[in-house]
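K.L.:
Dumping the structure here so I can ask a few things about it.
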Amino acid sequence: MLDDQPEDQARVLVVIVPQPRDLALARDEGWYRVPLAHTPAQFAADYLAFYQTAAFGDERWSVRFYAEVLRYTIQTRRELLPDEPDHPRANERYYRVTLGPLRELPLPVPSARLRRVVFIATTFGQLRRASDLRDLYHPDEDDLPDDDLWGAGLAGRTLR
């Protein structure tokens, strides 16, 4: 593990970045927004990782960047995006997640096929080892069977 990377057990929430502008806000202004009405049950995280949609062209359908979560505040969309005062959701409340610097994963996590992603709660260890987005849905490392069960050959899994 590189010295400046998070611990494997660090909690990560993979969030959708629908437009390049949203990734630019995270990178340049250091924040990301989540509507209060759509906050996932496992919202608290040490890091956010960003799933890029089709709007990102050749980098679409992948997780390439992450950032440390520094603080959560609640603001209206109008406060967050004052250049859009007439937006239909301008008065809705959002979590403003203040972030540390955006960092690039050593290897991006692609999605072999288009997936509908909203939020994925995972760990940094899973994020670092994933070769496909579906790998992020596996249980946390802490929930894996004990070493002696792994040695039994089935690793606590059912036969197919």
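The values are calculated or read from the model by the stated rules, or taken from the named source; none is laboratory data. Everything numeric in this text was worked out from a predicted model, so none of it was measured. Cβ: placed from backbone, ideal geometry, glycine included. Neighbour counts: every protein chain shown. Accessible surface areas use protein heavy atoms only, side chains included; no ligands, DNA or RNA. Shrake-Rupley method; radii C 1.70, N 1.55, O 1.52, S 1.80 Å.
K.L.:
Limited to the stretch 36-60, what total is found for residues that are in contact with a strand residue (DSSP E or B) (Cβ under 8 Å, 6 or more places away or on another chain) and closer than 22 Å to Gly125 by Cβ?
P.N.:
12
K.L.:
With the checklist (1) at pLDDT 95 or above; (2) open to solvent by 50 Å² or more (accessible area, probe 1.4 Å); (3) out of contact with any Ser or Thr (no Cβ under 7 Å at 6 or more places or on another chain) in hand, flag the one item Pro82 doesn't pass.
P.N.:
(1)
K.L.:
On the given criteria, is Pro40 outside any strand (DSSP E or B), touching a residue at least 12 places away in the same chain (Cβ under 8 Å) and closer than 23 Å to Pro6 by Cα?
P.N.:
Yes.
K.L.:
Any idea which of (1) touching a strand residue (DSSP E or B) at 6+ places or on another chain (Cβ under 8 Å); (2) aliphatic (A, V, I, L, M); (3) open to solvent by 30 Å² or more (accessible area, probe 1.4 Å) is the one Val97 doesn't satisfy?
P.N.:
(3)
K.L.:
On the given criteria, is Arg89 over 22 Å from Thr122 (Cβ atoms), open to solvent by 20 Å² or more (accessible area, probe 1.4 Å) and part of a strand (DSSP E or B)?
P.N.:
No; evaluated as a whole, the condition is false for this residue.
K.L.:
Being open to solvent by less than 50 Å² (accessible area, probe 1.4 Å) and aliphatic (A, V, I, L, M) is the requirement here; does Leu70 meet it?
P.N.:
No, not satisfied.
K.L.:
Related question: Restricting the search to the stretch 92-120, which residues are in contact with a Pro (Cβ under 7 Å, 6 or more places away or on another chain) and either small (Gly, Ala, Ser) or in a strand (DSSP E or B) (or both)?
P.N.:
Hits for the stretch 92-120 are Tyr94, Phe119.
K.L.:
I would also like to ask the following. Do you know which residues across the stretch 37-67 are closer than 22 Å to Ala112 by Cα and either of a type in the set (A, V, I, L, M) or open to solvent by 40 Å² or more (accessible area, probe 1.4 Å) (or both)?
P.N.:
Of everything in the stretch 37-67, those that are closer than 22 Å to Ala112 by Cα and either of a type in the set (A, V, I, L, M) or open to solvent by 40 Å² or more (accessible area, probe 1.4 Å) (or both) turn out to be Leu48, Ala49, Ala54, Ala55, Asp58, Glu59, Arg60, Trp61, Val63, Arg64, Phe65.
K.L.:
For the stretch 111-133, name all the residues that are within 13 Å of the chain's Cα centre (by Cα) and not small (Gly, Ala, Ser).
P.N.:
Val117, Val118, Phe119, Ile120, Thr122, Thr123, Phe124, Gln126, Leu127, Arg128, Leu133
K.L.:
Still on this structure: Quick one: what pairs do we get from the stretch 87-104, first residue closer than 19 Å to Ala24 by Cβ, second acidic (Asp, Glu) and open to solvent by 40 Å² or more (accessible area, probe 1.4 Å), C-beta under 7 Å, 6+ apart or different chains?
P.N.:
Leu99/Glu68; Gly100/Glu68
K.L.:
Every residue in the stretch 1-36 that is open to solvent by 90 Å² or more (accessible area, probe 1.4 Å) and either in a loop (DSSP other than H, G, I, E, B) or small (Gly, Ala, Ser) (or both), please.
P.N.:
Passing the criteria: Met1, Leu2, Asp3, Asp4, Glu7, Gln9, Gln19.
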